[in-house]
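Reading through the structure tokens given below for one structure.
The values are calculated or read from the model by the stated rules, or taken from the named source; none is laboratory data. What you see is a predicted model; the values in this text were computed from it and never measured. Every residue, glycine as well, gets a Cβ built from its backbone with ideal geometry; the counts of neighbours run over all protein chains shown. Remember, those area values only see protein heavy atoms, side chains included, never the ligands or the DNA or RNA. Shrake-Rupley method; radii C 1.70, N 1.55, O 1.52, S 1.80 Å.
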Amino acid sequence: MNKKVSYLVSVGIFILFAGVVVIRQRTPFNLSLLSGYETLVFEGFRNTIYASFIALFGSVVLGFIFYLLSASKVRFFHAFTNVFTEIIYGTPLLVMIFAMAFVIGPAFINRPSQQEVHILGVVGIIIYITPYMTNIFKSAFSSISDEQYMAMDLFGFTPFQRYRYIIIPQVIRILMPPLMNNFSLIIKGSALLSVLSYRELFYAIQIVQSRTFAFTEAFLLMWALYLIITIPLSQMTRWLERRWALE
Amino acid sequence: MKIEVKALSHTYDVQVLDNINLVLDEYKAVAIIGVSGSGKSTLLRILSGLEQPTRGEVFVNGRSVKEPGYKKTVGFVFQNHNLFPHLSLLENITLILEKTRGMSKEEAHAIAMENLRLMSLEDQVNKVPKNISGGQAQRASIARALSVNPETIFLDEPTSSLDPILTHEVLTAVENLRNIGKGFIFVTHVISFVRDFADYVIFMHEGKIIEQGPPTFLDNPQEEATKAFMQKVR
Ligand SMILES: Nc1ncnc2c1ncn2[C@@H]1O[C@H](COP(=O)(O)OP(=O)(O)O)[C@@H](O)[C@H]1O
Ligand SMILES: [Mg+2]
């Protein structure tokens, strides 16, 4: 089989499997049950993306600050970021979100409102992803060789010019693919915000299910909506990886 | 090219260069040879101003390597081309000329093209380093070194990562530069190139220069270490 056919057949098998699953449900499959709930689903979809972008932005900023701390010569900063990383690596995302919303948050905010709870949940995701972002920055900056720094020095580039024309353009290329992978992780992880009754996609679908009893239909719709973002994202990541490879 | 080295020592964790003294005048191509770890690259980096010595004085063409402006008189060809990987061959040169030598776009472009042509790379100028051969990359690196119009060009084992055919290609390109009026100081393990191109040879052993002179001394080395080295490279 050539490559294209192999892929088509593979995709076909999964669609077939979905078909079997649908047929074997006790109630007949009826997508029209979902009509009237488009706005609700769309709102959920939009909130998922919205929360994910905020989490992405926050974790990139925080991850960069932690990178600077860990790269600093002050030993305390180094130790601090290492301890932070170990704690986060050992914590499930769901636990992190709960901890932020119901334990750590309330310690500093008196009776957080519903909206504040949602914000705390997003902060939980930000904190959780931060060490992964820090790692990306570390490996991107360390991939610029000592010899390149020697060349910059030899030719007499100013510090600003080094960053502007040589370091940052390379770092961004190295950074983008893993950053997009992390974005995908965030989008998937944001489904857990449903435990805080935040109306992202998963929660919106739960509402639709409870009102229509169209469990299978709503569930498959939700799944498809996640894949519609995550699969192109990972394809784009791979494409960028190839196109932007420096070596 | 004038080189004057007085009581030069250099230490990293251990002493790497040990009281080196050298006075050379009117040689155009100086080869530094010796086994790996003998301090050749360190000496080359110090002579080129890339690194400051722990102790001693170094002058090239009457200028101290400590002078802030010294590095601008230097061209350096690194072991693994060391071109900026995100830039095309052309941009690798024009960026330097525009940003650090204050040239206009047109001027920089003209000089870059001239030197890339000199290295027979006129068809490759818009390619990035990963899309050309190791030999082409190394020649581009030489073009880059030439573009800043240096007085002296340093090369640190420019062919050590290349196969014999590409090695020949790169070394021939260097030999063709013989009469451009620049000084060359280089490290290499290719002894035939040393014999053809160098007019003075320095043999290093454990951080010291233990034998030196015109390349003919290689036919009849006096020191045991030099003899052993010549046995190995032959
Ligand atoms: N930046 C450095 N830091 C620490 N040690 C170094 C450094 N560069 C070279 N050395 C050491 O100095 C010695 C001489 O190295 P080098 O000048 O590279 O020798 P060569 O070029 O002749 O192989 C080696 O033992 C090497 O490990
Ligand atoms: Mg070396």
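Numbers at a glance
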read-out	value
Accessible-area ranking of A:Leu185, A:Leu62, A:Leu120, largest first, probe 1.4 Å	A:Leu185, A:Leu62, A:Leu120
Heavy-atom accessible area per residue - region A:45-245, 1.4 Å, Å²	53
Region B:60-212 - percent relative contact order, Cα under 8 Å, separation 6 or more	26
Two-decimal ratio, region A:137-247, of alpha-carbon radius of gyration to 2.2 N^0.38 Å	1.63
Partner chain coverage, peptide A:161-168 - average Cβ within 10 angstrom	3
Proximal aspartates and glutamates to B:Lys28, defined as alpha-carbon separation beneath 19 angstrom and excluding residues fewer than eight positions away on the same chain	B:Glu4, B:Glu151, B:Asp156, B:Glu157, B:Glu175, B:Asp196, B:Asp199, B:Glu211
Projected-area average for chain A over all orientations - Cα convex hull basis, square nanometres	18.9
Area buried, chain B against chain A - accessible surface, total, 1.4 angstrom probe, square angstrom	2000
Evaluated over chain B, the Cα radius of gyration and Dmax, each in Å	17.7, 55
Theoretical gain in end-to-end length, B:Glu206 to B:Thr11 [0.36 nm per residue, Cα-Cα removed]	69.0 nm
Residue-averaged [θ]222 nm for chain A, counting only DSSP H segments that reach four residues, each worth -39500 (n - 2.57)	-25000 deg cm²/dmol
Accessible surface of region B:3-233 [probe 1.4 Å, protein heavy atoms]: carbon and sulfur percent	48
Residue-averaged 222 nm ellipticity for chain B, from DSSP H runs of 4+ at -39500 (n - 2.57), nearest 500	-10000 deg cm²/dmol
Residues losing 40 Å² or more accessible surface upon assembly, region B:83-109, compared with the chain by itself, 1.4 Å	B:Phe84, B:Pro85, B:His86, B:Leu95, B:Lys99, B:Thr100
FRET E, pair A:Ser234, A:Val74, Förster distance 45 Å, beta-carbon r, rounded to 0.05	0.75
Peptide B:121-131, shielding by other chains (average Cβ, 10 Å cutoff)	1
Acute angle (nearest 10 degrees) that the helix A:168-189 long axis makes with the longest principal axis of chain A, alpha-carbon atoms	30
Subset of B:Lys99/B:Lys127; B:Lys2/B:Lys71; A:Lys73/B:Lys130; A:Lys138/B:Lys99; B:Lys40/B:Lys232 violating a 23 Å alpha-carbon distance limit	A:Lys73/B:Lys130; A:Lys138/B:Lys99
With every protein chain in place, chain A: carbon and sulfur % of accessible area (1.4 Å)	68
Relative contact order of region A:150-247, pairs being alpha-carbon contacts under 8 Å that are 6 or more residues apart, as %	37
Region B:207-224 versus region B:45-124: alpha-carbon centroid distance in Å	31
Where N is the number of residues in the protein assembly as shown, Cα Rg divided by 2.2 N^0.38 Å	1.36
Spherically averaged projected area in nm², based on the convex hull that wraps the Cα atoms of region B:94-198	6.7
1.4 Å probe, heavy atoms, protein only - residues of region A:201-247 losing at least 30 Å² accessible area vs chain alone	A:Leu246
Residues of chain B: accessible area per residue with a 1.4 Å probe, Å²	43
Three-way shape call for region A:1-148 based on the alpha-carbon gyration tensor, with the a/c threshold at 1.5	oblate
For chain A: relative contact order, % (alpha-carbon pairs under 8 angstrom, 6 or more apart)	30
